[in-house]
Structure formats: C-alpha cells, structure tokens
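See structure below.
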Amino acid sequence: MAKHLDFGLDTFGDVMADTQGRPLTQAQALRNVVEQGVLADEAGVDFFAVGEHHRDDYAISAPEVVLGAIAARTRRVRLGSAVTVLSSDDPIRVYQRFATVDAISQGRAEIILGRGSFTESFPLFGFDLNDYEKLFTEKLDLFVHLLRQNGTADGVTWKGELRPPLARQHVYPLPESGTMKTWIGVGGSPESVVRAASYGLPMMLAIIGGSASRFKSYAELYRKAFAQLGTAPQPLGVHSPGYVADTDEAAKEEFFHAFKANRDRIGRERGWPPMGREEFEREVAHGALYLGSPETVARKIADTVKALDLDHFDLKYSAGPLGHDKSMRCIELYGTKVIPRVREILAEG
C-alpha cells in the first residue's frame, strides 16, 4: 500500500429492538452505543463516529456527550461525529464541546461538519430553512477561523451577517495539540466539493445508494481543486451503510428486515416507495450496501478504495431495529477480520 488507510464505523444510535422484537428505550440505545464504541476500540477499528439527529428513531442528539463517555473507557480509537449539523448549532459551542472530548480522549477527537440529511433541528432551534445555505456557509467560515486562529496571541477575529462579529476573541478549552482534525461531510454537489478544498479540509463523501464509481468525478474534482489552489491535498473518505456476519446468507437475512423498516419509515416521510427485496439485493451486489461475510465486505471495500483512491472508509453498521447483539458481532468481525483482509488485498495489488 502506497499510503495509510483508516477504517471507521459510525452509527446514528438507532432505537433497536430486544430479542423479542420489542423497541428499546432511547436511554438503552445510548448505553448500547457506548458499549459498541468500547468494542470498536478493542477490535482494532481506527475511528468510531456518532451522528446527530433530533427524532424518535435515533437516540443521539448530543454526540459529544456520547463520545465523552466512550473516550473515558477507550485508549486508541479516534472519536468523531457523523455528522455535526453545524447549520443549526453555534460554531463556538461545537468547538468547545469537541475540545472537551479531545482533552478527555487525549487528542483523539475529530469532527465531521455537515448540513445533515434531516431538517428537524432547524425549527427545533429556531432557524429558518430558507436560510439553509447561508447558515452553513457562514458558520463553516467561522469554524475554520476558530481552528486556525484560536490559540494564537491575537485570538479570533471574524465578521459575518448572522451573528455579532468577534474581535481578538479567545475560546476555551484549547485543544492540547493546538487544533482538531475537521472534515466536511458532502452528499454529492460539486460546489460542496470545491468548498471543502478551498478551506483545505478533508472531505467525507456520503455514498448511500448506487455504485461508488459514480463518485469518481467528485474525487477527481476535489484533488484538482487542491492542485489549482497550490495547496497540499487532504484525506478523502467515504461513508456507506453495511453489515458483516459470518456468511453472506446470514448477513442478508439478519439485516434485510431491519434495513427495510428503517428505509421505509424515512421513505414515507419523503415520498419514496417501499423497498423490495430486489432493490436490496441490487444494492448489495452493485450499490452502496457493503454487506456479507468478512471476505465479501473486504473485497467490496477494497474495490471502492482503489476506484476513488481513498484515505478513509466508514461503515454505517446500524439500521433501525437491528439488535444490539448483531451489531456487536458486526463490529467484532469488521475490526478483526474485514480491516486486516482489506489491507492484505490492497497490499497484493
């Protein structure tokens, strides 16, 4: 392998079912996520991330609190968000909360900033969806100023339209290393790709449907933008759903009904038709579902890494009511079987 490749897991804290198929409480779902993060550390996973949502089927609305709990019980796995909905949050508070996680974890915090694919946080926190683009653009600019100016003698000086300006402001706590690795999560618009490069930030592509090869033009655009700016290229990652079991057949049977329940619930809100088994099988065979035995999943990840020349791959392993025990087994197989096998495949060329 010509360069280092990181492997991560992420979850939205889906409200799972117990062994009798009954939904768990959100409190139990949160405790389960902490146990899953601890297992990811033990299994050799490089990165564990939790997504922010504000709805009843996902339990995590305060990612940094969950990450702090995991940080206190782990030693090596890096911890981040997937994603932090910056548009409806305050950039200074996001910075402070992650700097706190960074301190607790001894420098293992990372941030993935995005707009999110759900909009519940906008009315909840009093933001107008008509300002969707302006909110993210301005708050991202402020956050980058925090990353680059906070900790300097002069502090942070910044001016925008949506909040009062900052003049030589110092924000605490300071990350011990001086900064925190911050990604921009991108759903697939060229403008978002160029913006990530213009700020010199790593980019995480969310590929949740269809073949990963469809995103090759975005990977090329991202690297071309760095070349034109004359700056050093930053890491490129992919986030996609998937599930690992002992065999391909077991993975399909264990995952299908939970994945369908989650997909159909969102689909009812967005006007999508129910997902059939044929669509599911097509995504497994040719699309963005990385599902099967360790060997099958490893080969598909390796193909994506080579197609897009990736530095990072995240598997979104949770899906609606999928049981905690099955998620734990998936994490164990991903860390102990899939990750080493991908590295072997790539080393073989």
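The values are calculated or read from the model by the stated rules, or taken from the named source; none is laboratory data. What you see is a predicted model; the values in this text were computed from it and never measured. Here Cβ is always computed from backbone atoms with ideal geometry, including for glycine, and neighbour counts include all displayed protein chains. Accessible surface is based on the protein model in full, side chains and every heavy atom, while ligands, DNA and RNA are left aside. Shrake-Rupley method; radii C 1.70, N 1.55, O 1.52, S 1.80 Å.
Along its three principal axes, how long is the stretch 243-325 when you only count alpha carbons? Whole Å, largest extent first please.
36, 27, 23
In what sequence, highest mean first, do 324-330, 205-211, 121-127, 71-77 appear when ranked by Cβ atoms within 10 angstrom? The partial results should precede the final answer.
Values: 324-330: 19.9, 205-211: 18.0, 121-127: 14.4, 71-77: 16.0.
Ranking the peptides 324-330, 205-211, 121-127, 71-77 by packing returns 324-330, 205-211, 71-77, 121-127.
So how much accessible area does Trp272 have, in Å² to the nearest 10, using a 1.4 Å probe?
For Trp272, the solvent-accessible surface is approximately 110 Å².
Using Cα pairs under 8 angstrom and six or more residues apart, how large is the relative contact order of the stretch 126-264, in percent? Walk me through the numbers on the way to the answer.
Working: 135 pairs, mean separation 21.4, N = 139.
This gives 15 percent for the stretch 126-264.
At 20 °C and 1.002 mPa s, grab the translational diffusion coefficient of the chain from Stokes-Einstein with a Kirkwood Rh over Cα pairs, rounded to a whole number in µm² per second.
Rounded, D is 104 µm²/s.
Which whole-number percentage describes the relative contact order of the stretch 255-310, with Cα contacts under 8 Å and a sequence gap of 6 or more?
19
Return the sequence-ordered ³J(HN,Hα) values of the stretch 200-217 in whole Hz as given by the Karplus equation 6.51 cos²θ - 1.76 cosθ + 1.60 applied to θ = phi - 60°, using x for Gly and Pro.
x, 10, x, 10, 10, 7, 8, 10, 10, x, x, 6, 5, 4, 5, 9, 4, 5
Using a Förster distance of 22 Å, how high is the FRET efficiency between Lys224 and His286, based on the Cβ-Cβ distance and rounded to 0.05?
Once the sixth-power term is evaluated, E becomes 0.20.
Any number yet on Rg/Rh for the stretch 1-91, C-alpha, Kirkwood?
Using only Cα positions, Rg/Rh for the stretch 1-91 is 1.02.
What does the extension gain come out to for Ala167 and Ala103, with contour length at 0.36 nm per residue minus their alpha carbon separation?
Here the segment from Ala167 to Ala103 would lengthen by 20.5 nm.
Rounded if a/c is under 1.5, else prolate if a/b is larger than b/c, else oblate: which is the stretch 48-130, with a ≥ b ≥ c the root eigenvalues of its Cα gyration tensor?
Prolate shape, in that a/c is at least 1.5 and a/b is the bigger ratio.
For the stretch 98-146, what size does the Cα cloud have along each of its three principal axes, sorted from largest down, in whole Å?
39, 23, 17
Taking the Cα atoms only, what angle lies between the long axis of helix 294-308 and the longest principal axis of the chain, rounded to 10 degrees?
Its long axis makes an angle of about 40 degrees.
Could you tell me the center-to-center distance, by alpha carbons, between the stretch 50-124 and the stretch 197-234 in angstrom?
So the two Cα centres are separated by 23 Å.
Over the Cα atoms of the stretch 148-225, each weighted equally, I'd like the Debye log10 I(q)/I(0) at q = 0.14, 0.17, 0.19, 0.22 Å⁻¹, rounded to two decimals.
Values returned for q = 0.14, 0.17, 0.19, 0.22 Å⁻¹ are -0.65, -0.81, -0.89, -0.99.
Write down, largest first, the equivalent ellipsoid semi-axes of the stretch 190-335 in whole Å, where each equals the square root of 5 times an eigenvalue of the alpha-carbon gyration tensor.
30, 18, 13
I need the calculated FRET efficiency for the pair Asp131 and Arg22, taking r as the beta carbon distance and R₀ as 30 Å, to the nearest 0.05.
About 0.15, to the nearest 0.05.
Can you tell me the Rg and the Dmax, both Å, for the Cα atoms in the stretch 11-54?
Final numbers for Rg and Dmax: 11.5, 33 Å.
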